[in-house]
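Student: Got a structure for you, written out below as structure tokens; questions coming shortly.
The values are calculated or read from the model by the stated rules, or taken from the named source; none is laboratory data. The shown structure was predicted, so the numbers you read here are calculated from the model rather than taken from an experiment. Please note: Cβ atoms are built from the backbone with ideal geometry, for glycine as well, and neighbour counts cover all protein chains shown.
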Number of protein chains: 2
Amino acid sequence: MEKFRVTFYPDNKAIEIEKDRTILSAAVSAGIYINSVCGGDGVCGRCRVRIRKGNAYIPADSILTPQERSENFCLACLATVQSDLEVEIPEQSRLDFTKSGEQVFTETEEVQAPPGEGLGKKFRHMPLARKVYLNLSKPDMEDNISDLERLYRHLDLEPYTGLSNIKQLGDLLRDAEWRVTATLADRDGITELMSIEAGDTTRRNYGVCFDIGTTTISGQLVDLNNSKVLGTKAAYNKQAAFGSDIISRIIHAQKQEGLPELHNIVVDAVNEIIRELVAQHHLDLNDLSVILFVGNTTMIHLLLEIDPSYIRKEPYVPTINFAPVIRASEIGIHIKPRGLLYCLPGVSSYVGADTTAGVLSTGLYRQKELGILIDIGTNGEIALGNDEFLVSAAASAGPAFEGSGVACGMRASSGAIQRVKIDPEKMNVAYETIGGAKPLGICGSGYIDALAEMLQCGIIDKSGKLKTADSRRARDGENGREFILVFKEQSGSGADIVITEADIENIKRAKAAIYSATSVLMRKVELTFKQIARIFIAGGFGTYLDIENAVKIGLLPDIERKKFSFVGNSALSGARQALVSGEALATAKDIARKMTYIELSTEQQYMDEYMAALFFPHTDLDKFPSVRFV
Amino acid sequence: MEKFRVTFYPDNKAIEIEKDRTILSAAVSAGIYINSVCGGDGVCGRCRVRIRKGNAYIPADSILTPQERSENFCLACLATVQSDLEVEIPEQSRLDFTKSGEQVFTETEEVQAPPGEGLGKKFRHMPLARKVYLNLSKPDMEDNISDLERLYRHLDLEPYTGLSNIKQLGDLLRDAEWRVTATLADRDGITELMSIEAGDTTRRNYGVCFDIGTTTISGQLVDLNNSKVLGTKAAYNKQAAFGSDIISRIIHAQKQEGLPELHNIVVDAVNEIIRELVAQHHLDLNDLSVILFVGNTTMIHLLLEIDPSYIRKEPYVPTINFAPVIRASEIGIHIKPRGLLYCLPGVSSYVGADTTAGVLSTGLYRQKELGILIDIGTNGEIALGNDEFLVSAAASAGPAFEGSGVACGMRASSGAIQRVKIDPEKMNVAYETIGGAKPLGICGSGYIDALAEMLQCGIIDKSGKLKTADSRRARDGENGREFILVFKEQSGSGADIVITEADIENIKRAKAAIYSATSVLMRKVELTFKQIARIFIAGGFGTYLDIENAVKIGLLPDIERKKFSFVGNSALSGARQALVSGEALATAKDIARKMTYIELSTEQQYMDEYMAALFFPHTDLDKFPSVRFV
């Protein structure tokens, strides 16, 4: 296959790529992330780039102006490489990973676990990998069973093991003077002898768990001996270069090389997070025996490089919900060479292992009283039930609450504005950032507060239009009207931190999707919010979420506030529980089997409810009796 | 690493090899097999080669004459490559694989199963791999579980499966219109879904089993649907280039690159036999789902590339007796990509899976009356017992009975002399060959007959010396006195077929080792031959073994002849039983666990018995009351 060299500016990064691949693909290979909200369909126009030199095939589109065409602009997702190229990427076409500084992807400690954590059951400590130190008796003429049988006799069980552990076992046992540590893991009901190490290494027994979200990837390092969390890291999911929602990702996966491309992006991100966690805690990759994943069904398919096409085709069938335990190395993830990879089970094409994990960690499945779990992410999931039944539904909310696709959005990491208070008189803005750092941007809980306060102060109206005449804070920006939350003098990035009318529209759509899905699901099972004893709110909001404000903007139903608990990343909490307890893993399987999925996308009722919810808090104020703005 | 080109003549085959490797290694890499009975210790002198050109490092040895040295002869096992070389291999230094024509290795159908077959229990038909045809219901909005769960629901079980079967499952099911065949296998108690194929392929469900002997490798193709044997092939084990017994192989394995070298030789031979069997029966390698091995413990270690060093060091501990089920591909064996490889379990360092298989197929383990199984091979094994106990021992007999290391020896394949009768008056020799072909050489049963007849006619004396004055048949050959069994005019090879005094000595040592081990084992458990109800004789003897003559030469004990059964390759029979019945596989594991191994090599009694048995039939004629020669 003919290859060409594509050089990107101003980065001055070059990559060799096959003829006919898109410029977007070339950029991803070069480690440069271009905006592409529509996932490469040529309709969002976010991926404009300019050809400085060379020959690209540029198909017709309905986005570029004649002026832009004459200046050699093209859409990176459509234009294909036909010769060596020099390509210039305008700032506005870049994905905003770097918005809060260069370190967002490679650093950013995740914030501490939120208060709601640990509501679920405490499971028995039965980590998926355990280490056993063995002081073996030496063989003699009276007792000369094989080396492996001797080991098994001391273990008092006959696990499965692989050839690589056996090949040099004779030397290993003798060099170690018969003192070795066996690492054992449970693999779908079979005990596996994963490795045999010289001496006593029982102290070094670690695992990692991950939540692969459409927008955010979070990983956590856990000491399997005592279930302690050593560290958590998160990064944006760079698959976003191929679209912000799962449907665009699935469409991209169907393109040539699309599936391996998306797969490699997530594997690279996981490896990077593992590498950082391990380095930070002075561990060795060999100390990590097991890795466990949760994520929505599409993300799990892409992680395992399973074709996800049928997820988006009626009748919406995933290839798997229950993934087999495999070796991490099979998909290129670097932990201990024979280390095992587990995925919690999903429920359906649009309610995945993340929801199963959330139901596990909140204990929703074992309460007598009715409860709801609302996981606010790019793909929002709602689970409803108690110890007798579980139903679930999904809502495509978009990435706004994860700080993506909004002008000054960022993840809930150091420097993110997470609380906002606006003085109605002087319009002074008070805010609090995660870690107390200078503000770099706004995370989900910050947007919720800001919008509620702006409504309260009359800065925006119920449709989300900026009404204020305050010329100091309200202005016409490059992309329409915007409100300056933090002036550049106070900001950590040196630029004003703003909320645009487009941002407000994005958040309105997101909250409407979540609220209406919850509401329609309730109606489907013939329940009302009054009958609900508890609502768990999950999502990557940092340490703090103001429930009052979330009700005010119409994201959450207007019921007694004490019924709400904010549980943070409940998916990651559930993943960790399963990592340190086989009992929790078994419970997760029961939950996934028990939970019924209800498809809303084909419901007219859902569409009607969604449209009605495109107001703050709602077109029907009777639904929000406690909410009254000036 | 510096590499040189070594060219072998008269073959004119060249190979690139690293500096300092032996000429023997170079020859093996070039596919040329040189005699090396001592396994590369420089003591047997069988591997003489002549350097025509170039520079080899030739260490001192006690074998070569000054004359030979001056003619540039050296020992291939000691001399190392120091420059490009041209090496001449004299005919007598070649391993005698080609003695019965070019086809011995690549062809030679194994002879039909001998009469004793099938004495053991008939196990339930539960093949290690089975195929199930599924006509799946199509998903709809009411029934949209994942594709894999749908498959499992129709199977009515939840097997383990690998990622490669899942990745394109969505397309496969739809392209096949939901009609597929699942191949299932039992893997140490877990059911595995090995593959999913479009349409109904249940008819094509095959497996292979192998007996890896020190001298001979035998493989059998079996239709798993009906347990029928489709074909059997055998080949010499070319590891013999590194010594004829297991001790020399283990020593070679400890040399640099020795273990992979021995491993590759057996894997290549297995692949070649599989390829031939599959081609002959117009199958595809994808039709072979499982492969099962038996063999002595050293051979199984080398097959799996497990370091065998500790087998020959006191207290004689193998690394494994019970090998895990692995994928055939893990060791480079080509069957269905995810096809599974099983090994029957062994008992100890010197009583291996072949003995377990023999005990299984003869039913020794389930008889009320006492029985013995004597497996006559290069490593001879004896098992003794009944339904209450099993003991075993081993004897290093050498490869003579397998037609190796003797002047005109050959395996029991087409053209081998398997029966001999000598007219005591005229010294005329009558013989019968396998397949009725022109005689090419002599196999084990032929040697037993020939020696018994020569003793009977007074051609040899009880110590094995040629006595006859018949100048037509007895003569001084290149390697001492020899007896011409078939004149070249009648032979298929165009050369006289002879038995030398050295051959007789070889067979005498082999029979003495087997007899004395059996005898000492009996005494160890305080039993006498009189108490034995049944003796099973196993070995690669072809269709026929004259028990009377085997007793006459002192190979077998002198008890009632009706108590003997000749069972042929009982190891391969047991392997086949396990291949077509999980019940037989489980029984084999029980047998191996139950059987006690008794080490004879450290017994003075065994040495004394062996020395006493170095006569025909024995120095103590009271042990052989029925045997009287003229």
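Student: Any residue in the stretch A:120-131 that is modelled with pLDDT of 90 or more, assigned to a strand (DSSP E or B), of a type in the set (A, V, I, L, M) and more than 30 Å from A:ASP20 (Cβ to Cβ)?
Tutor: There is at least one residue in the stretch A:120-131 that is modelled with pLDDT of 90 or more, assigned to a strand (DSSP E or B), of a type in the set (A, V, I, L, M) and more than 30 Å from A:ASP20 (Cβ to Cβ).
Student: Out of the residues in the stretch A:29-74 meeting the condition of being β-branched (Val, Ile, Thr) and not in a strand (DSSP E or B), tell me which one is modelled with the lowest pLDDT.
Tutor: Residue satisfying both the conditions and the ranking: A:VAL37.
Student: Right, next: State yes or no: is B:GLY339 over 19 Å from the mean Cα position of the chain (by Cα), among the small types (Gly, Ala, Ser), surrounded by fewer than 20 Cβ atoms within 10 Å (Cβ to Cβ) and away from chain A (no Cβ under 14 Å)?
Tutor: The answer is no for B:GLY339.
Student: Determine, yes or no, whether B:LEU277 is assigned by TED's automatic domain parsing to the domain that holds B:VAL222, surrounded by fewer than 24 Cβ atoms within 10 Å (Cβ to Cβ) and not in a strand (DSSP E or B).
Tutor: yes
Student: Additional query: Report yes if some residue within the stretch B:401-409 is buried (at least 24 other Cβ atoms within 10 Å of the Cβ), part of a loop (DSSP other than H, G, I, E, B), without any contact (Cβ under 8 Å) to a residue 60 or more places away in the chain and within 14 Å of chain A (Cβ to nearest Cβ); otherwise report no.
Tutor: Checked the stretch B:401-409: no residue is buried (at least 24 other Cβ atoms within 10 Å of the Cβ), part of a loop (DSSP other than H, G, I, E, B), without any contact (Cβ under 8 Å) to a residue 60 or more places away in the chain and within 14 Å of chain A (Cβ to nearest Cβ).
Student: If you go through the stretch A:5-25 one residue at a time, do you hit one that is outside any strand (DSSP E or B), in contact with a Lys or Arg (Cβ under 8 Å, 6 or more places away or on another chain) and either under 23 Å from A:ALA240 (Cβ atoms) or free of Cβ contacts under 8 Å to residues at least 24 places away in the same chain (or both)?
Tutor: Looking for residues that are outside any strand (DSSP E or B), in contact with a Lys or Arg (Cβ under 8 Å, 6 or more places away or on another chain) and either under 23 Å from A:ALA240 (Cβ atoms) or free of Cβ contacts under 8 Å to residues at least 24 places away in the same chain (or both), one finds none in the stretch A:5-25, hence no.
Student: Among the residues of the stretch A:147-175, how many are outside any helix (DSSP H, G or I), surrounded by fewer than 16 Cβ atoms within 10 Å (Cβ to Cβ) and within 7 Å of chain B (Cβ to nearest Cβ)?
Tutor: Within the stretch A:147-175, residues that are outside any helix (DSSP H, G or I), surrounded by fewer than 16 Cβ atoms within 10 Å (Cβ to Cβ) and within 7 Å of chain B (Cβ to nearest Cβ) number 1.
Student: List the number of the failed condition for B:ILE417; all other conditions in (1) in a loop (DSSP other than H, G, I, E, B); (2) touching a helix residue (DSSP H, G or I) at 6+ places or on another chain (Cβ under 8 Å) hold.
Tutor: Result: B:ILE417 passes all but (1).
Student: Something else about it: Residue by residue through the stretch B:599-610, note down the ones that are exposed (fewer than 14 other Cβ atoms within 10 Å of the Cβ), touching a helix residue (DSSP H, G or I) at 6+ places or on another chain (Cβ under 9 Å) and free of Cβ contacts under 8 Å to residues at least 40 places away in the same chain.
Tutor: Residue satisfying the conditions is B:ASP608 alone.
Student: How about the stretch B:319-342: which of its residues are of a type outside the set (Ser, Thr, Tyr) and more than 18 Å from B:ILE273 (Cα to Cα)?
Tutor: Result: B:ILE320, B:ASN321, B:PHE322, B:ALA323, B:PRO324, B:VAL325, B:ILE326, B:ARG327, B:GLU330, B:ARG338.
Student: Related question: Do we find that B:VAL294 is within 12 Å of the chain's Cα centre (by Cα), in a helix (DSSP H, G or I), within 30 Å of B:PRO127 (Cβ to Cβ) and outside the structural domain of B:SER413 (by TED's automatic domain parsing) in this structure?
Tutor: No: the conditions fail for B:VAL294.
Student: Among the residues of the stretch A:301-320, which ones are under 28 Å from A:ALA129 (Cα atoms), within 11 Å of another protein chain (Cβ to nearest Cβ) and not in a loop (DSSP other than H, G, I, E, B)?
Tutor: A:HIS301, A:LEU303
Student: Moving to a separate point now. Please state which of the following conditions A:GLU388 fails to meet, knowing it meets all the rest: (1) in a loop (DSSP other than H, G, I, E, B); (2) in contact with an Asp or Glu (Cβ under 9 Å, 6 or more places away or on another chain); (3) not assigned by TED's automatic domain parsing to the domain that holds A:GLY477.
Tutor: Result: A:GLU388 fails condition (2) only.
Student: Can you tell which of A:VAL551, A:VAL567, A:VAL525 is touching a strand residue (DSSP E or B) at 6+ places or on another chain (Cβ under 8 Å) and crowded, with 20+ Cβ neighbours inside 10 Å?
Tutor: Selected residue: A:VAL567, the only one of A:VAL551, A:VAL567, A:VAL525 that is touching a strand residue (DSSP E or B) at 6+ places or on another chain (Cβ under 8 Å) and crowded, with 20+ Cβ neighbours inside 10 Å.
Each row is one residue, and each column tells you yes or no for (1) in the same structural domain as A:LEU75 (by TED's automatic domain parsing); (2) more than 30 Å from A:ALA400 (Cα to Cα); (3) of a type in the set (Val, Ile, Thr).
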position: A:GLU142; (1), (2), (3): no, yes, no
position: A:ILE145; (1), (2), (3): no, yes, yes
position: A:PRO159; (1), (2), (3): no, yes, no
position: A:ASP188; (1), (2), (3): no, yes, no
position: A:GLU192; (1), (2), (3): no, yes, no
position: A:ARG204; (1), (2), (3): no, yes, no
position: A:ASP211; (1), (2), (3): no, no, no
position: A:ALA234; (1), (2), (3): no, no, no
position: A:GLN239; (1), (2), (3): no, no, no
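Student: Could you say whether any residue in the stretch B:346-361 is away from chain A (no Cβ under 13 Å), closer than 29 Å to B:TYR160 by Cβ and at pLDDT below 95?
Tutor: No, that holds for no residue.
Student: Could you figure out which of (1) over 19 Å from the mean Cα position of the chain (by Cα); (2) assigned to a loop (DSSP other than H, G, I, E, B); (3) crowded, with 24+ Cβ neighbours inside 10 Å isn't true of A:SER289?
Tutor: Unmet condition: (2).
Student: Suppose we filter B:ILE374, B:ILE448, B:ILE442 for residues that are assigned by TED's automatic domain parsing to the domain that holds B:GLN577, in contact with a helix residue (DSSP H, G or I) (Cβ under 8 Å, 6 or more places away or on another chain) and under 28 Å from B:ALA575 (Cβ atoms); which single one remains?
Tutor: B:ILE374
Student: Among residues belonging to the stretch B:246-261 that are in a loop (DSSP other than H, G, I, E, B) and charged (D, E, K, R), point out the one that is surrounded by the fewest Cβ atoms within 10 Å (Cβ to Cβ).
Tutor: B:GLU257
Student: Turning to a different aspect of this structure: Return yes when A:THR518 is among the β-branched types (Val, Ile, Thr), closer than 27 Å to A:LEU364 by Cα and in contact with a helix residue (DSSP H, G or I) (Cβ under 7 Å, 6 or more places away or on another chain) and no when it is not.
Tutor: In short, no.
Student: Another question, if that's okay. Being over 28 Å from B:SER519 (Cβ atoms), in contact with a Ser or Thr (Cβ under 7 Å, 6 or more places away or on another chain) and either touching a residue at least 60 places away in the same chain (Cβ under 8 Å) or among the β-branched types (Val, Ile, Thr) (or both) is true for just one of B:ALA383, B:ALA416, B:ALA437. Which residue is that?
Tutor: Unique residue meeting the criteria: B:ALA416.
Student: What are the residues in the stretch A:321-331 that are within 14 Å of A:PHE210 (Cβ to Cβ) and either more than 9 Å from every other protein chain (Cβ to nearest Cβ) or in a helix (DSSP H, G or I) (or both), if any?
Tutor: A:ALA328, A:ILE331
Student: Separate question: Any idea which of (1) in contact with a Cys (Cβ under 7 Å, 6 or more places away or on another chain); (2) surrounded by fewer than 21 Cβ atoms within 10 Å (Cβ to Cβ) is the one B:GLY243 doesn't satisfy?
Tutor: Result: B:GLY243 passes all but (2).
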